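The structure appears right after this line, and notes come after that.
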Amino acid sequence: MRPHELEQRILASWHTNAAAWTSAVRHRLIPSRRAGTDAAIMQACARLRPKRVLDIGCGEGWLTRALAEIAGEAVGIDGSAALIDEARAAGGALFEVLDYQTIEADSKALPGPWDAIVCNFALLGDPLTPFLAALRTRLGPRGRLLIQTVHPWACDAPYENGWREENFASFETQFPATMPWYFRTLESWFAELRLAGLLIENVEEPVDAATGKPLSLLFQCVAVGYQRH
Ligand SMILES: C[S@@+](CC[C@H](N)C(=O)[O-])C[C@H]1O[C@@H](n2cnc3c(N)ncnc32)[C@H](O)[C@@H]1O
């Protein structure tokens, strides 16, 4: 399957899974989120003290809503109209239907500039460089890009880049559709960010206190050429 078709399959799966996902997030049925990834992304955002923050691939909008409480302005965008409907129904922030392909073709499709752009488990495809480069152009002069993603240790197959199929088996609920996603090694994350003109300023690896295993990988990035004042 071509990258474009895989992206369409990712979005189609979110459309089909919108109700199940919304329920899983709002009833806290995702163990890794309870164990620390929700707290990790909120703390990373709060440290930046953003006035304007953009939540990319916001889903049903929990993070955008939480960010609206610490920032003057919080906007969430997502390619799934069904999830944006859920987000708007819950309110608390501004939500727009917008897919990554549209942003990649014209970064001005995104408003900006932003003090912080956040991608919480929302970068699922390949390649990422063109989309990340588009996001970089929407960062303000002191803006930061935060990305939380699957830790590369969470790998039950050979340690190599490639498309996998998520069946959501670790969630405490059933999902009607599986979802293709691109497993990315650490080396590949570094390369995608570098090629997009982003410098990694900080890396965090939140750990599950119960298992001692990493829960996620969290990058804080800044546009290359940014001068610290
Ligand atoms: C795992 S969910 C994460 C949702 C939210 N960030 C959270 O932490 O709860 C991934 C989200 O990315 C969105 N997404 C994936 N590919 C997308 C694309 N190409 N354009 C827009 N949104 C996309 C999906 O619709 C879905 O809401």
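Scanning the stretch 41-57 for residues that are open to solvent by 10 Å² or more (accessible area, probe 1.4 Å) and either in a helix (DSSP H, G or I) or within 13 Å of the ligand (Cβ to nearest atom) (or both) returns 42, 43, 46, 47, 48, 57. Can residue 21 be described as within 12 Å of the ligand (Cβ to nearest atom), open to solvent by 50 Å² or more (accessible area, probe 1.4 Å) and either at pLDDT 95 or above or aliphatic (A, V, I, L, M) (or both)? Judged against the criteria, residue 21 is not a match. Could you list, in sequence order, the residues of the stretch 168-214 that are polar (S, T, N, Q), at pLDDT 95 or above and open to solvent by 30 Å² or more (accessible area, probe 1.4 Å)? Across the stretch 168-214, the qualifying residues are 178, 202.
Considering 147, 84, the condition of being in a strand (DSSP E or B) and either touching a strand residue (DSSP E or B) at 6+ places or on another chain (Cβ under 6 Å) or away from the ligand (no atom under 11 Å from the Cβ) (or both) is satisfied by 147 alone.
If you go through the stretch 111-126 and keep only what is open to solvent by 30 Å² or more (accessible area, probe 1.4 Å) and modelled with pLDDT of 95 or more, you end up with 113, 115, 121, 124, 126. Which condition number in (1) surrounded by fewer than 16 Cβ atoms within 10 Å (Cβ to Cβ); (2) under 29 Å from residue 213 (Cα atoms) is the one that residue 36 fails? Tallying (1) surrounded by fewer than 16 Cβ atoms within 10 Å (Cβ to Cβ); (2) under 29 Å from residue 213 (Cα atoms), residue 36 fails exactly one: (1). Of everything in the stretch 94-110 that's near the ligand (Cβ under 9 Å from one of its atoms) and of a type in the set (Ser, Thr, Tyr), which residue is surrounded by the fewest Cβ atoms within 10 Å (Cβ to Cβ)? So, considering only residues that are near the ligand (Cβ under 9 Å from one of its atoms) and of a type in the set (Ser, Thr, Tyr), the one surrounded by the fewest Cβ atoms within 10 Å (Cβ to Cβ) is 102. Only a single item in (1) in contact (Cβ under 8 Å) with a residue 60 or more places away in the chain; (2) in contact with a strand residue (DSSP E or B) (Cβ under 7 Å, 6 or more places away or on another chain); (3) over 25 Å from residue 141 (Cα atoms) is not met by residue 61, and it is number (1). Checking each residue in the stretch 122-137 for being touching a strand residue (DSSP E or B) at 6+ places or on another chain (Cβ under 6 Å), within 11 Å of the ligand (Cβ to nearest atom) and over 16 Å from residue 185 (Cβ atoms) picks out only 122. Does any residue of the stretch 160-181 turn out to be closer than 19 Å to residue 106 by Cα, outside any helix (DSSP H, G or I) and of a type in the set (Asp, Glu)? Among the residues of the stretch 160-181, not one is closer than 19 Å to residue 106 by Cα, outside any helix (DSSP H, G or I) and of a type in the set (Asp, Glu), which makes the answer no. All told, residue 158 meets the bar of being free of Cβ contacts under 8 Å to residues at least 24 places away in the same chain and open to solvent by 80 Å² or more (accessible area, probe 1.4 Å). Residue 27 - would you say it is open to solvent by 30 Å² or more (accessible area, probe 1.4 Å) and either near the ligand (Cβ under 8 Å from one of its atoms) or at pLDDT below 95 (or both)? No: the conditions fail for residue 27.
For the stretch 76-88, filtering for residues that are closer than 26 Å to residue 40 by Cα and open to solvent by 10 Å² or more (accessible area, probe 1.4 Å) leaves 4. All conditions but one from (1) more than 10 Å from the ligand (Cβ to nearest atom); (2) open to solvent by 50 Å² or more (accessible area, probe 1.4 Å); (3) modelled with pLDDT of 95 or more apply to residue 62; the one that does not is (1).
The values are calculated or read from the model by the stated rules, or taken from the named source; none is laboratory data. Not measured: the values here are computed from a predicted model. Quick reminder, even Gly has a Cβ in these numbers, built from the backbone with ideal geometry, and neighbours come from all protein chains shown. Heads up: the accessible areas ignore ligands, DNA and RNA and are worked out on the full protein's heavy atoms, side chains in. Shrake-Rupley method; radii C 1.70, N 1.55, O 1.52, S 1.80 Å.
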